[in-house]
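Undergrad: To start, I am sharing the structure in question, which I have written as structure tokens.
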Amino acid sequence: MLDHEPVLHPVRIDDLRPTQMTVGYREVARKRRDWREMANRDGGDFLGRHMIPVVRGPRDRLWIIDNHHLARALHEEGVQDVLVRIMADLTSLQNRLFTTFMDNRNWLHPFDADGHRRDVKHIPRHVSKLADDPYRSLAGELRRVGGYAKDETPYSEFLWADFLRRHIGRDRVEQHFEDAIKQAVEIAHGPKAAYLPGWAGPHH
């Protein structure tokens, strides 16, 4: 099932299907800045080090299972092709069985910008159509400032985003992001967040 073999020829970003509904637009903007800083210097090497993990599904379509922010950022920067790493070949599964399997493996995240689960059919078909969830940006920045540790749990940043959604007002996140980060750091280290992946609060 899993081969983890890289595809050594480029794949068009236009041909990649998302497995989630949202990204954090601030996160995308940060990755765009990072790309612009290195594009002329070592852009090719960067793409080689940041292959997009995908699942090959029905009709040979490639479904992104991580790095949606990077794919969106590269698309917005005019990059047309990326390298991908095939994590599983599920071409033998029919559509409904495929989505059920993907869901059970936690390779789908059909939640909208308000954190509500939607039907899989609402997942956009192109990275350019991913909506903004400002709490996903908040969760990403919270990890970078040490609010919690990087964790291999699928969609762990979205779990943190949903936690933050319940504790910090949307207006603060959208209009006073730095203040929201300070508040997020305080509550991230508290006991209410202890169930989340990568929690870095005090252990007694």
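The values are calculated or read from the model by the stated rules, or taken from the named source; none is laboratory data. The structure presented is a predicted model; accordingly, all values stated were derived computationally and were not measured. So basically every Cβ, Gly included, is an ideal-geometry build from the backbone, and we count neighbours across all protein chains shown. Accessible surface areas use protein heavy atoms only, side chains included; no ligands, DNA or RNA. Shrake-Rupley method; radii C 1.70, N 1.55, O 1.52, S 1.80 Å.
Undergrad: Note down all Cβ pairs under 9 Å where the first residue falls in the stretch 113-125 and is on the phi < 0 side of the Ramachandran plot, the second is among the hydroxyl-bearing types (Ser, Thr, Tyr) and not in a loop (DSSP other than H, G, I, E, B), and they're at least six residues apart or on different chains.
TA: Every condition considered, the pairs that remain are ALA113/THR22; ALA113/TYR135; VAL120/THR99.
Undergrad: Please go through the stretch 83-92 and pick out each residue that is surrounded by fewer than 17 Cβ atoms within 10 Å (Cβ to Cβ) and either closer than 12 Å to TRP63 by Cβ or of a type in the set (Phe, Trp, Tyr) (or both).
TA: Once the filter is applied, which keeps residues that are surrounded by fewer than 17 Cβ atoms within 10 Å (Cβ to Cβ) and either closer than 12 Å to TRP63 by Cβ or of a type in the set (Phe, Trp, Tyr) (or both), the stretch 83-92 yields ASP89, THR91.
Undergrad: Need the failing condition index for VAL127 against (1) open to solvent by less than 40 Å² (accessible area, probe 1.4 Å); (2) β-branched (Val, Ile, Thr); (3) more than 16 Å from ALA29 (Cα to Cα), just the number.
TA: It fails just one condition, (3).
Undergrad: Do you know which of the residues in the stretch 33-44 that are loosely packed, with under 15 Cβ neighbours inside 10 Å and over 20 Å from ILE86 (Cα atoms) is modelled with the lowest pLDDT?
TA: Looking at the filtered set, the residue picked out is ASN40.
Undergrad: Now for a separate question. Looking only at the stretch 159-168, count how many residues are assigned to a helix (DSSP H, G or I) and open to solvent by 10 Å² or more (accessible area, probe 1.4 Å).
TA: Summing the residues that are assigned to a helix (DSSP H, G or I) and open to solvent by 10 Å² or more (accessible area, probe 1.4 Å) in the stretch 159-168 gives 3.
Undergrad: Then there is this: Determine if the stretch 51-73 includes at least one residue that is among the β-branched types (Val, Ile, Thr) and part of a loop (DSSP other than H, G, I, E, B).
TA: Yes, some residue in the stretch 51-73 is among the β-branched types (Val, Ile, Thr) and part of a loop (DSSP other than H, G, I, E, B).
Undergrad: Can you tell me how many residues in the stretch 125-158 are part of a helix (DSSP H, G or I) and either within 15 Å of ALA194 (Cα to Cα) or of a type outside the set (Asp, Glu) (or both)?
TA: Number of matching residues: 16.
Undergrad: I've got another one for you. Select, from LEU47, LEU2, LEU97, the only residue that is at pLDDT 95 or above and of a type in the set (A, V, I, L, M).
TA: On inspection, the qualifying residue turns out to be LEU97.
Undergrad: Still on this structure: What pairs can you find where one residue is in the stretch 175-192 and in a helix (DSSP H, G or I), the other is open to solvent by 40 Å² or more (accessible area, probe 1.4 Å) and of a type in the set (Lys, Arg), and their Cβ atoms are less than 9 Å apart, with a gap of 6+ or different chains?
TA: PHE177/ARG26; ASP179/ARG172; ALA180/ARG172; GLN183/ARG172
Undergrad: Looking at the stretch 81-124, which of its residues are under 17 Å from the mean Cα position of the chain (by Cα), within 19 Å of LEU159 (Cα to Cα) and part of a helix (DSSP H, G or I)?
TA: Selection gives MET102, ASP103, VAL120.
Undergrad: Starting from the stretch 73-97, keep only residues that are hydrophobic (A, V, I, L, M, F, W, C), then list their pairs with residues that are open to solvent by less than 60 Å² (accessible area, probe 1.4 Å) and assigned to a loop (DSSP other than H, G, I, E, B) whose Cβ atoms are within a distance under 6 Å, requiring at least 6 positions of separation or different chains.
TA: Taking only residues 6 or more apart or on different chains, the pairs are LEU83/MET51; VAL84/MET51; LEU90/GLY57.
Undergrad: Considering the stretch 9-32 alone, what residues qualify as being open to solvent by 30 Å² or more (accessible area, probe 1.4 Å) and touching a Leu at 6+ places or on another chain (Cβ under 7 Å)?
TA: Result: PRO10, ASP15, ARG17, LYS31.
Undergrad: Which condition number in (1) open to solvent by 20 Å² or more (accessible area, probe 1.4 Å); (2) more than 12 Å from VAL127 (Cα to Cα); (3) part of a helix (DSSP H, G or I); (4) modelled with pLDDT of 95 or more is the one that GLY78 fails?
TA: So the condition that GLY78 fails would be (3).
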